[in-house]
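Data block below; observations after.
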Amino acid sequence: MEVENRLSGNSALAGVSTCWPKLSAPEQAVIADLLEADQGHLFADWDEPGTEDQAKAAFLDDLLRINESYPGGLTGYIANARDLLAEAKEGKNPFEGFVPQQPDTVNLTELNEEYDRYERLGRDHFDKTAFVLVAGGLGERLGYSGIKLDIPVEVTETTTYLAHYAANLKAMESRMSSPRPVPFIIMVSEDTQAKTVASLEANHWFGLKKEQVHILKQELVPAIADNDGHLALKTRYELVLKPHGHGDIHMLLHTSGIAAQLEEQGIEHLVFIQDTNGQVFNAVPAALGVSVEKGFDFNSIAVNRIPGEAVGGLAKLVKGDTQLTLNVEYNQLDPLLRATISPEGDVPNEQGFSVFPGNINILVINVATYVQILKRTQGIIAEFVNPKYADETKSAFKKPTRLETMMQDLPKLFGAEEKVGVSIFDRRWSFSANKNKMADAAVKHAAGGPSESAATAESDFYLAGRMKLAAAGVQGSESAEELIHGVPFTRGPRVLLRPSFALTLNEVRSKISGGSIADEATLILDGKDITLENVELAGRSALLIKACDGAKVTVKNLKVENDGFELVKLTDEEQASDATPEYLRIRGYRIEDRGAKRYEFTEPGEYVVEVDHVP
Ligand code: UTP
């Protein structure tokens, strides 16, 4: 009755009033709630029934969908927005009174015995681990027409990110004493959902079981027009919708019940990964080991950071008895330091690094703790708002804003009980993303920053392979870095030790002994039971060995000499042509086979490849 009074008492709502009897109960309910929340403008000047009915229905569908997906519904979202906007207007400093200190860190930048020890611990924990891939981002900076997960991380064999991630999960399963599927949760958005599912289906789920993959879709949230939390309209019957950020993953793991289910299934840690970081699985085993040994509820995988670098810094913030280890955006860190412990701001240590390591958003989270926090918060994790005000009175915005959330902010909700730690890895071993288009990547490189592009991601992908060979004592040198269309690339050696072959350094050492690799050579090993003894790759030679499960292949005393693969830069014409695959155009080169030596073993059995005994 109250709604009817509201409708009849306001001439602007006459249209919606005449439509009212035809609306469904849920539609009426959401309108009533929104009127109650001072959102009458959303329904002002509606046309009579019979005019614009489709637009009205689509508008109401949007309202109902968002109302359903956001914990607390639209009115909860509006209430949160009002609180956060009031704080933003007040200019409240979230770090007021906090003093930054170095966080609890474990240094894993050297691939030494300690590293091996953590890898062993992590490996024993594979059967209690699940992976969460946030892949809802549009990738505007890269501007690729497809989804980022479908981009090949390397173009020697063109392995896509999704294929690479799935291969790692399969490899983990094959190393468990009693194998079980590793749960794989993928967060998608309207922008990425259809193509992600299509890619999985077209590739038979990359060998994974369909049931182990859970797809969760994040929704957009309504933009807010002013400090009073009025939702913004694009047209009379259309909201302005914007992404809420990757922190949505926490909400979805809660509302879907998946986090709780995983806990019941005995999963102890969730590893959160991004769409285009081909290096991540290099760090995963040791990072898991750290989480297990140190009992970290939240373990941030991080890299050494140079003071002032545009990467969030991980800091322990202390105020009285409160201690929070958080990611502090780099532009907030420096003023915070100046206002507290360091008048010079963020200063380098003896090695030239900030004591606040750089966040790369690979997170290892303890599931039991996580489920408790999700229950308490309904999965709404540290939302924030960042309005661009029209002037210093802060009374109007330049354009509508929205609430946002970032997955790394979970520890903002931690109390004294929860343990947060930071594991510092070698940067290019653990992180090299593909975020920028080639031209922008070149500009970034020229300015002295990381390019984070398709070419650098591929170059680093091979680098990690070289680091593994070096750890096994294989001799070899690296070719000099060159610029391809202004983006740095190291030609080789190009080494791909597939996850099936080895997941830890110890495994690499146990399977490769002696030998050498020349600076432009290529080595690809794919299969669990391949061993190399004194294998030499000369010049630009390439050796590819693939062995199916059950095929035990020993390669020994072999000197490989062939024309291998050649890296060919795209001509200007090829670069501009639609006939050139887009995944090549984003890197500016292709890799051509000029006679690589391939051995493929498709039947179980024992095989030896040696100088005078080549099967
Ligand atoms: P990025 O920083 O790469 O952002 O996100 P982006 O949105 O994909 O790319 P730009 O900024 O438009 O160029 C880091 C990770 O978070 C995911 C991305 O897919 C990527 O894996 N992400 C980002 C989401 O899942 N949802 C979001 O709303 C935003």
Next item on the list: Those residues that are among the β-branched types (Val, Ile, Thr) and within 16 Å of the ligand (Cβ to nearest atom), I need them from the range 112-163; list them, please.
Entry: Val132, Val134, Ile147, Ile151, Val153, Thr160
Checklist line | Odd one out for Tyr370, checked against (1) in contact (Cβ under 8 Å) with a residue 60 or more places away in the chain; (2) open to solvent by less than 50 Å² (accessible area, probe 1.4 Å); (3) within 16 Å of the ligand (Cβ to nearest atom) | finding: (3)
Checklist line | Tally, over the range 275-310, of residues that are among the hydrophobic types (A, V, I, L, M, F, W, C) and assigned to a loop (DSSP other than H, G, I, E, B) | finding: 3
Item checked: Any pair with Cβ under 9 angstrom, 6 or more apart, that starts in the range 227-246 at a residue that is more than 16 Å from the ligand (Cβ to nearest atom) and of a type in the set (Gly, Ala, Ser) and ends at one that is open to solvent by less than 60 Å² (accessible area, probe 1.4 Å) and in a loop (DSSP other than H, G, I, E, B) -> Gly229/Ala37; Gly229/Gln39; Ala232/Ala223; Ala232/Ala225; Ala232/Asp226; Ala232/Val240; Ala232/Pro400; Ala232/Arg402
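Do we find a residue being open to solvent by 60 Å² or more (accessible area, probe 1.4 Å), closer than 22 Å to Pro152 by Cα and either out of contact with any helix residue (DSSP H, G or I) (no Cβ under 8 Å at 6 or more places or on another chain) or touching a residue at least 12 places away in the same chain (Cβ under 8 Å) (or both) anywhere in the range 524-547?
no
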Item checked: helices (runs of 4 or more DSSP H) enclosed by the range 1-58 - at least 3 residues per element that are open to solvent by 70 Å² or more (accessible area, probe 1.4 Å) -> 2-8, 25-36
Notebook entry, point to check: Only one of Asn304, Asn331, Asn386, Asn359 is under 18 Å from the mean Cα position of the chain (by Cα) and of a type in the set (S, T, N, Q); which?
Noted result: Asn359
Item checked: Residue count, the range 294-353 (criterion: of a type in the set (D, E, K, R) and touching a helix residue (DSSP H, G or I) at 6+ places or on another chain (Cβ under 8 Å)) -> 4
Checklist line | Residues satisfying the stated conditions in the range 383-415, i.e. within 16 Å of the ligand (Cβ to nearest atom), assigned to a loop (DSSP other than H, G, I, E, B) and either acidic (Asp, Glu) or surrounded by fewer than 18 Cβ atoms within 10 Å (Cβ to Cβ) (or both) | finding: Glu383, Asn386
Notebook entry, point to check: Out of (1) within 30 Å of Glu264 (Cα to Cα); (2) touching a helix residue (DSSP H, G or I) at 6+ places or on another chain (Cβ under 8 Å); (3) touching a residue at least 60 places away in the same chain (Cβ under 8 Å); (4) open to solvent by 40 Å² or more (accessible area, probe 1.4 Å), the odd one out for Arg65 is which?
Noted result: (2)
Notebook entry, point to check: Within the set of pairs 6 or more residues apart or between chains, which connect a residue that is within 20 Å of Gln261 (Cβ to Cβ) and touching a residue at least 24 places away in the same chain (Cβ under 8 Å) inside the range 160-187 to a residue that is among the acidic types (Asp, Glu) and crowded, with 22+ Cβ neighbours inside 10 Å with Cβ atoms less than 8 Å apart?
Noted result: Met187/Asp248
Margin query: Take the conditions at pLDDT 95 or above, over 26 Å from Arg428 (Cα atoms), open to solvent by 30 Å² or more (accessible area, probe 1.4 Å) and among the polar types (S, T, N, Q) and apply them to Ser577. Does it pass?
Written below: yes
Margin query: Quick check on the range 444-464. Is at least one of its residues open to solvent by 10 Å² or more (accessible area, probe 1.4 Å) and among the hydroxyl-bearing types (Ser, Thr, Tyr)?
Written below: yes
Notebook entry, point to check: When the range 311-328 is examined, which residues are found to be surrounded by 13 or more Cβ atoms within 10 Å (Cβ to Cβ) and outside any strand (DSSP E or B)?
Noted result: Val311, Gly312
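The values are calculated or read from the model by the stated rules, or taken from the named source; none is laboratory data. Being a predicted model, the structure only gives us computed values, none of them experimental. All Cβ positions, glycine included, derive from the backbone under ideal geometry; neighbour counts span all protein chains shown. Only protein heavy atoms, including side chains, enter the accessible area calculation; ligands, DNA and RNA are left aside. Shrake-Rupley method; radii C 1.70, N 1.55, O 1.52, S 1.80 Å.
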